[in-house]
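Read the structure below first, then the notes.
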Amino acid sequence: MNGTVPERVDDFGRRARRWIEANLPRSDEAIPAGSHASVAQAQQLQQRIFDAGFAGITWPRAYGGQELTPAHMHAFVDELRGFVNPYSALSVSLGVVGPTILELGTPEQKERWLPPLLRGDTLWVQLLSEPSGGSDMAGVLTRATRDGETWVIEGSKVWTTFGHYADYGLCLARTDWHIQKHRGLAMIVVPMDAPGVTVLPLKQASGASEFCQEFFEHVTVPLDHILGADGEGWSVASQLLVHERNALGGGSVYFAGGHRGADSDDDTNDLVDAAAAAGVWDDPVVRQEVAQCHADTVVSVQLAARVAAGMRSGHFAGPAGSMLKLFTADLHLRRTALHVELDGAGMAGWSPTDDDARSRAMTWLTRQGTSIMGGTNEIQRNIISERVLGMPREHAPDKDIPFDQVRTNQAGRPTDRKNG
């Protein structure tokens, strides 16, 4: 930097490259994803990145950021190609929770929580989904009751990515059962090691335990752990999901995970190699399907840039991020399906030393997650139609009645009205 004039992106990229080559391990030194060791490695690398002045490239300096542009941010992650990239394990902290606190937290909350989050000292998760909730995020049953200067939390959350490694979680809880369901909510910061918090890892079909279920039994947290005001939990959660969709789609101005158009060559080469190994590369239908995946990957990068620019200029509102989320999730499903067609039996069995085949098989087993995380594809289509295109809203019979009168939520909750 020279005064207030930002460093040229090209110069910044070259400086970043020199530092990365001298300080970060190569990709073949990465610890397999999904383990405590891999998360610890990501946190350690983020600490190096922070200490060297390359963390939070678009974030305010007050919280450890660099106050540079999204172009600088993407230049840095582009230079990470070929090296261990910590951002997959830290995406919820850096791409979802951090930006939400940055935009909606009090000055004291930002000063307290953001620097250690950005440095990787603390790992954060979002505690939104519930066993009975499905896609109805506003129908949460986890309760938060005020008791003097504390909140007392009771309930359960599920499908929490890396919940068993986290230090803090943003928990959406119900504080008022007698008003409309979207209005009776609060977003509360919960230390994951607080007494009464139980975290249960969930075994997936792939054998990994990336997701968890949490149980809260009389968990007490300070009153100032609320993000936003009591009753504003839905607005906070909605903004959090905007950041999640933008991060997943590649259009975030706060976070870039490194999966941009430069990776499309690798993705296409994988498909070409699979087609050649299957002896069908000369088939014009196969070539067309591979070409379509490649073209759509390039389009996804252009779409991310357009949506991000539109949001910065005010031309697009936050819900436009759903276009990114839907497009990238659909593309991922189509690409993995094509891999299955081309690899055939290779997706069912492989040599223990064939890491590529194993990776493709695990990607297939976990593929549906991309169409669920951040809101299902169906939810994204509703958001796009109603909030981006201005089409009539879908009918919601429980929208304007008190939550304790919603009939579908009364079964099994005989004490809700009494205790609400």
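The values are calculated or read from the model by the stated rules, or taken from the named source; none is laboratory data. The structure displayed is predicted, hence computed values, not measured ones. All Cβ positions, even for glycine, are placed from backbone atoms using ideal geometry, and neighbour counts span all protein chains on display.
The table that follows gives values for the structure above.
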item	result
Residue list for the stretch 44-57, restricted to those being surrounded by fewer than 21 Cβ atoms within 10 Å (Cβ to Cβ) and within 21 Å of the chain's Cα centre (by Cα)	Gln44, Gln47, Phe50
Subset of the stretch 146-158 (residues that are touching a residue at least 60 places away in the same chain (Cβ under 8 Å) and assigned to a strand (DSSP E or B))	Arg146, Asp147, Thr150, Trp151, Val152, Ile153, Glu154, Gly155, Ser156
Any hit, the stretch 328-350, residues being under 18 Å from Tyr254 (Cβ atoms), buried (at least 17 other Cβ atoms within 10 Å of the Cβ) and either of a type in the set (Ser, Thr, Tyr) or touching a residue at least 40 places away in the same chain (Cβ under 8 Å) (or both)	yes
Unmet criterion (only one of (1) part of a helix (DSSP H, G or I); (2) loosely packed, with under 14 Cβ neighbours inside 10 Å) for Ala320	(2)
Some residue of the stretch 76-84 being under 18 Å from the mean Cα position of the chain (by Cα), assigned to a helix (DSSP H, G or I) and over 30 Å from Gln204 (Cα atoms)	no
Residue list for the stretch 375-392, filter: modelled with pLDDT under 85 and part of a loop (DSSP other than H, G, I, E, B)	Gly375, Thr376
In the stretch 70-90, residue nearest to Glu29 (Cα to Cα) [restricted to those that are crowded, with 19+ Cβ neighbours inside 10 Å and without any contact (Cβ under 8 Å) to a residue 60 or more places away in the chain]	Pro86
Extreme residue, farthest from the chain's Cα centre (by Cα), among residues of the stretch 135-166 that are at pLDDT 95 or above, buried (at least 20 other Cβ atoms within 10 Å of the Cβ) and of a type in the set (Val, Ile, Thr)	Ile153
Residues being in a strand (DSSP E or B) and buried (at least 24 other Cβ atoms within 10 Å of the Cβ) - total across the stretch 175-215	6
